[in-house]
Amino acid sequence: MEQPRIVVIEPDEALKVRLEAALEGAGFSVITAGNVSEGLKKVYESYTDLVIMAKELPLVKGEEPVLYFRQVSYLPILVLGNDGETTEMLELGADAFMTRPPSLTELVARVRALLRRKPRNDPRSDN
């Protein structure tokens, strides 16, 4: 079975490296990006299974990045942000939210939980 592919969109280079190491150590294939447009391109190029993104990314067309991603993708989205932003991000379409910096063991557990719930009608499941 192929490793699940995760795109991590995180402008903080040190945190991006920590997230990548933890996820790869847990058996995931990780693709990183530093901004929304680069992340969206990588999502489409790599047939991604899940997106982890920072809440603090620059706005896209005046929208919150999570709302923009939700409008163009069915993929599970885990948002990393500040304490007190949970409700807002979930209302905008995030599937999960964690405060920054996240516990890496909890992050891996949440990723696994989100992937277990991924829709069975995923167009790539026929391959």
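The values are calculated or read from the model by the stated rules, or taken from the named source; none is laboratory data. All figures in this text were calculated on a predicted structure; none of them were measured in a lab. As a convention, Cβ positions derive from the backbone with ideal geometry for all residues, glycine included, and neighbour counts pool all protein chains shown.
Residues in the stretch 30-50 that are touching a Pro at 6+ places or on another chain (Cβ under 7 Å) and either free of Cβ contacts under 8 Å to residues at least 60 places away in the same chain or among the aromatic types (Phe, Trp, Tyr) (or both): GLY34, ASN35, VAL36. Just wondering, is there one or more residues in the stretch 58-65 that are surrounded by 15 or more Cβ atoms within 10 Å (Cβ to Cβ), of a type outside the set (Lys, Arg), modelled with pLDDT of 85 or more and touching a strand residue (DSSP E or B) at 6+ places or on another chain (Cβ under 9 Å)? There is no residue in the stretch 58-65 that is surrounded by 15 or more Cβ atoms within 10 Å (Cβ to Cβ), of a type outside the set (Lys, Arg), modelled with pLDDT of 85 or more and touching a strand residue (DSSP E or B) at 6+ places or on another chain (Cβ under 9 Å).
Tell me whether the stretch 68-87 contains one or more residues that are over 16 Å from ARG110 (Cα atoms), buried (at least 20 other Cβ atoms within 10 Å of the Cβ) and in contact with a Gly (Cβ under 7 Å, 6 or more places away or on another chain). No, every residue in the stretch 68-87 fails to be over 16 Å from ARG110 (Cα atoms), buried (at least 20 other Cβ atoms within 10 Å of the Cβ) and in contact with a Gly (Cβ under 7 Å, 6 or more places away or on another chain). When residues in the stretch 17-48 are screened for being in contact with a strand residue (DSSP E or B) (Cβ under 6 Å, 6 or more places away or on another chain) and at pLDDT below 95, 7 of them pass.
Does GLN3 meet the test of being farther than 22 Å from ARG116 by Cβ and either over 14 Å from the mean Cα position of the chain (by Cα) or surrounded by 13 or more Cβ atoms within 10 Å (Cβ to Cβ) (or both)? No: the conditions fail for GLN3.
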